[in-house]
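Beneath this line is the structure, given in structure tokens, with notes to follow.
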Amino acid sequence: MTVYFIGAGPGAADLITVRGQRLLQRCPVCLYAGSIMPEDLLALCPPDARVVDTGPLTLDQIITELADAHAANLDVARLHSGDPSIYSALAEQCRRLDDLGIDYEIVPGVPAFAAAAAALGRELTVPGVAQTVTLTRVATLSTAMPPGEDLRTLSAPGATLVLHLAAAQIDTIAAELLAGGYRPETACAVVAFASWPQQQVVRCTLEDLAAQTKAAGITRTAVIVVGDVLAAERFADSYLYSSGRVRRGRH
């Protein structure tokens, strides 16, 4: 028996990986992370599968579900939105499963920030503009941010910044970024429900970020992108495909 932690992708059912889809279609138990999981993805579960919404459950209750499946020798598809490697509460579940001696495997998925970049039609790393992407969030009712990971500190380099789970605090975010390393005219974008039918895209400058986000009615399930890459036009071509690069065949 194995618990498969599957990255379900950002929303669109066809953005789950082939491996994730095949596991979902054969596992007799499926636990999924609440209302942000599309119904057409859950429809891939076997007709007689036990399908459990973990949104209202505590960690102990989730582990009980996994332990019960283990006792019955039933594989579990544990669906997490986006990719399990960030903001998924994966680590604490794996720690419990390690203690119980229950096998698990992690199947990566398309993260929300990648879907947001696709919706914007932009690369987040552009030659001579930015080669670093910082993925972060802000403290809410959830876990506090560690020392040194506040927005002013993270914005100091002026690289591409991607904020998850943060739209509800847009006023504070805009103020902190302006006090950090970004200029009022720095390009910004907010992508809500990336890849979903109800996807929304807001493009603006940092000085208008709060007003534009609120005007669009965006308060949750959004990714905020900040950085000059969003407006970059006159930048050098990358070395990857340059005529000066020596190319070698595969060995």
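Every condition in (1) at pLDDT below 90; (2) buried (at least 17 other Cβ atoms within 10 Å of the Cβ); (3) within 22 Å of residue 115 (Cα to Cα) is met by residue 233 except one, and the failing one is (2).
Taking the range 27-41 as the search range and keeping residues that are surrounded by 13 or more Cβ atoms within 10 Å (Cβ to Cβ) and over 12 Å from residue 81 (Cα atoms), which one is farthest from the chain's Cα centre (by Cα)?
Quick first cut of the range 27-41, residues surrounded by 13 or more Cβ atoms within 10 Å (Cβ to Cβ) only: 27-33, 36-38, 41.
Among the residues that remain, those that are also over 12 Å from residue 81 (Cα atoms) are: 27-30.
Values: 27: 24, 28: 26, 29: 24, 30: 21 Å.
Across the range 27-41, the extreme among qualifying residues is 28.
For the range 66-90, a residue qualifies if it is buried (at least 19 other Cβ atoms within 10 Å of the Cβ) and in a helix (DSSP H, G or I), and the qualifying residues are 66, 69, 70. In the set 226, 138, 202, only one residue is at pLDDT below 90, crowded, with 16+ Cβ neighbours inside 10 Å and in contact with a helix residue (DSSP H, G or I) (Cβ under 8 Å, 6 or more places away or on another chain); that residue is 138.
Please list, ordered by first then second residue, the pairs with beta carbon atoms under 8 Å, 6 or more apart or interchain, first in the range 56-85 and closer than 18 Å to residue 105 by Cβ and touching a residue at least 24 places away in the same chain (Cβ under 8 Å), second charged (D, E, K, R) and buried (at least 20 other Cβ atoms within 10 Å of the Cβ). Filtered contacts from the range 56-85: 66/78. Among the residues of the range 186-206, those identified as in contact (Cβ under 8 Å) with a residue 12 or more places away in the chain, part of a loop (DSSP other than H, G, I, E, B) and either hydrophobic (A, V, I, L, M, F, W, C) or closer than 17 Å to residue 11 by Cβ (or both) are 193, 194, 195, 196, 199. Tell me, please, whether a residue that is small (Gly, Ala, Ser), over 23 Å from residue 198 (Cα atoms) and under 19 Å from the mean Cα position of the chain (by Cα) can be found in the range 88-110. Yes: the range 88-110 contains one or more residues that are small (Gly, Ala, Ser), over 23 Å from residue 198 (Cα atoms) and under 19 Å from the mean Cα position of the chain (by Cα). Scan the range 2-15 for residues that are in contact with a strand residue (DSSP E or B) (Cβ under 8 Å, 6 or more places away or on another chain), surrounded by fewer than 24 Cβ atoms within 10 Å (Cβ to Cβ) and assigned to a loop (DSSP other than H, G, I, E, B) and jot them down. Listed by number, the list holds a single entry, 2.
Is it true that some residue in the range 155-164 is assigned to a helix (DSSP H, G or I) and of a type outside the set (D, E, K, R)? Steps first, please.
Keep residues of the range 155-164 that are assigned to a helix (DSSP H, G or I), which gives 155.
Within this subset, residues satisfying the condition of being of a type outside the set (D, E, K, R) are 155.
Scanning the range 155-164, I find at least one residue that is assigned to a helix (DSSP H, G or I) and of a type outside the set (D, E, K, R), so the answer is yes.
Take the conditions (1) under 21 Å from the mean Cα position of the chain (by Cα); (2) more than 20 Å from residue 199 (Cβ to Cβ); residue 171 misses just one of them, which is (1).
Could you tell me whether any residue of the range 91-113 is in a helix (DSSP H, G or I) and closer than 17 Å to residue 163 by Cβ? Reasoning before the result, please.
Going residue by residue through the range 91-113, those that are in a helix (DSSP H, G or I) are 91-100, 112-113.
Add one more test, that the residue is closer than 17 Å to residue 163 by Cβ, and what stays is 112-113.
Yes, because at least one residue in the range 91-113 is in a helix (DSSP H, G or I) and closer than 17 Å to residue 163 by Cβ.
Residues that are over 30 Å from residue 199 (Cβ atoms) and in a loop (DSSP other than H, G, I, E, B) were ranked within the range 48-65; the one that is farthest from the chain's Cα centre (by Cα) is 48. Looking at the range 129-143, is at least one residue closer than 14 Å to residue 228 by Cα and within 16 Å of the chain's Cα centre (by Cα)? Taking every residue of the range 129-143 in turn, at least one turns out to be closer than 14 Å to residue 228 by Cα and within 16 Å of the chain's Cα centre (by Cα).
The values are calculated or read from the model by the stated rules, or taken from the named source; none is laboratory data. Owing to the predicted nature of the structure, the values given are computational and were not obtained by experimental measurement. In this analysis, Cβ positions are derived from the backbone assuming ideal geometry, glycine residues included, and neighbour counts consider all displayed protein chains.
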